[in-house]
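Have a look at the structure below, then the notes.
The values are calculated or read from the model by the stated rules, or taken from the named source; none is laboratory data. This structure is a prediction, so every number in the text was calculated from the model and none was measured. Positions of Cβ are backbone-derived with ideal geometry, glycine not excepted, and every protein chain shown enters the neighbour counts. The protein model used for the area step is the full one, side chains on, heavy atoms only, and it has no ligands, DNA or RNA in it. Shrake-Rupley method; radii C 1.70, N 1.55, O 1.52, S 1.80 Å.
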Amino acid sequence: MFCPRSLSGTKKLPVFGFSVPLVIVLALPSFAADKVRVAFSAVSPTQGVLWVAEVGGLFTKNGISPEIVYTRAAIETLVAGEVDFAQMTGSLMSSARLQGADPVMIAGVQDTLDDRLVTRPNIKSMEDLRGKRIGVFRFGAASHLRLIYVLPRYGLSDRDVTLLQVGDSPERLIALSSGAIDATLISPPDHLEALRAGMKFLLNLRDLNIAYQGSGLVTTQRALARKRDLVRRFLKAYVEAIHLVKTNPDISKKAFAKYRQTKDEKRIEDAYQTLRETVKPKPYPSVEGFRTIINDASERIPVAKTANPKDFMDVSLLEELDKSGFIDALYR
């Protein structure tokens with residue numbers, strides 16, 4: 001059962017401009033295990049590995065007592081040291097790293113763009129978006145950065161549209177249906193909700209075949225240096241959770257029902273299958289996916305012009321698990 005409350009000690013980070021209080025959605029009882037705080041930044045299916053790890057008891061198995069948090073400020077809280085791990089997109093963590101912070105992705109869930117651009121029924125083409133209102137989660141979040149990356153491919157820029165910060169997928173779908181916005185990018189399968197409401201499916205970003213680091217597990221270089229064994233055990237639980245996603249639909253769907261707060265079996269099935277088809281047994285972050293993000297950021301952040309994509313990830317612990325045969329043994 002969810003037990004929301006606020007965490008104290010949320011710090012303001014001037015580099016990002018604002019701070020949002022965390023809301024705890026789960027706190028496991030204390031026992032002889034390492035307590036960690038971990039955040040997830042959206043209710044999209046690609047965030048589900050963390051949920052499956054908790055519901056499947058894999059953190060407990062690896063000596064970890066997690067406090068799992070939903071927050072719209074995952075990168076800010078991670079950089080501030082308020083959480084030890086966070087699930088977020090490569091674009092979100094890259095912006096922080098390019099500004100001098102030390103986040104690193106240690107496992108990747110999604111390595112290509114697969115969002116759907118859904119619009120009001122009167123929008124017939126990309127050109128029709130000119131002068132229209134497009135909703136994003138918040139400025140700097142994945143839905144914003146992916147949009148400004150895609151628009152130039154169709155002769156548009158963010159100056160040709162009005163971008164509005166609306167919130168996560170449920171809020172954007174409500175805004176779209178009510179006419180408060182004209183279009184938004186939505187991750188599958190949530191775009192199906194828009195279609196059921198009579199909205200139009202304009203573009204599938206998967207068809208563009210763009211390498212792009214989406215959701216992944218992120219920590220900091222500080223944590224890797226000071227708590228390496230803890231990070232190793234957390235990553236081990238994460239890799240085991242991917243195995244459950246691939247092989248145990250019952251536990252996986254239970255996790256999706258809990259964290260997406262729905263009993264609708266069709267919606268649960270759609271979300272679960274989206275994650276199952278996306279995540280890989282060996283979740284190495286994508287060098288090319290980060291390269292795309294960094295190249296795009298170079299127009300806004302000069303230091304990105306000389307950035308190395310490999311510096312945005314640390315796969316040393318994942319390589320240890322891989323080379324030991326641990327991951328292969330899970331699937332035998």
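Membrane-span-like helices in the chain, defined here as complete DSSP H runs extending at least 18 Å along the helix axis by their C-alpha atoms with mean Kyte-Doolittle hydropathy no lower than -0.5, are 228-247; this is a sequence and geometry rule, not a statement about a membrane. Consider a paramagnetic label point 7 Å from the Cα of residue 320 along Cα→Cβ; state which residues of the stretch 213-243 have an amide N under 17 Å from it. The answer is 218-240, whose backbone nitrogens lie closer than 17 Å to the label point. Close amide H contacts of residue 203 (hydrogens built in the peptide plane, cut-off under 5 Å, sequence separation of 5 or more or a different chain): 117.
Heavy atoms of the protein chains alone define the surface here; on that basis the chain has 42 Å² accessible area per residue at 1.4 Å probe size.
Of the accessible area of the chain, computed with a 1.4 Å probe over protein heavy atoms only, carbon and sulfur atoms account for 52 percent. Where q = 0.09, 0.15, 0.18, 0.20 Å⁻¹, what log10 of I(q)/I(0) comes from the Debye formula for the stretch 104-254, counting one point per Cα? Each listed q maps to, in turn, -0.37, -0.85, -1.05, -1.18. Here the peptides 77-86, 304-313 are ranked by packing, the mean other Cβ count within 10 Å, and the order with the highest first is 77-86, 304-313.
Just so you know, the averaged projected area of the alpha carbon convex hull for the stretch 37-183 sits at 9.9 nm².
Given bins 10 angstrom wide, list per bin the percent of all Cα-Cα distances in the stretch 96-174, short to long. The percentages, shortest bin first, are 15, 45, 30, 10, 1. Across the stretch 186-295, Cα-Cα pairs more than 16 Å apart make up 70 percent of the total. For the chain, the share of DSSP beta bridges that are antiparallel, to the nearest 5, is 60%.
Straight-distance candidates among the aspartates and glutamates for linking to residue 254, with alpha-carbon spacing under 20 Å and chain neighbours fewer than 8 residues away dropped: 54, 67, 190, 240, 264, 265, 269, 270, 277. Classification of the stretch 207-266 by its C-alpha gyration tensor yields an oblate form. The axis ratio a/c (a ≥ b ≥ c) is 1.5 or more, and b/c is at least a/b. Counting only Cα atoms, the chain measures 57, 47, 42 Å along its principal axes, largest extent leading.
Applying a threshold of 27 Å to the alpha-carbon distances of 124/253; 35/263; 258/280; 35/258; 35/305 flags 124/253; 35/263; 35/305 as lying beyond it. The value of relative contact order for the chain, using C-alpha pairs under 8 Å at least six residues apart, is 24 percent. Ellipticity at 222 nm from helices only: DSSP H runs of n ≥ 4 in the chain, each -39500 (n - 2.57), divided by the residue count, give -11000 deg cm²/dmol. Taking amide hydrogens as placed 1.01 Å from N in the peptide plane, the amide H of residue 181 sits under 5 Å from those of 176, each at least 5 positions away in sequence or on another chain.
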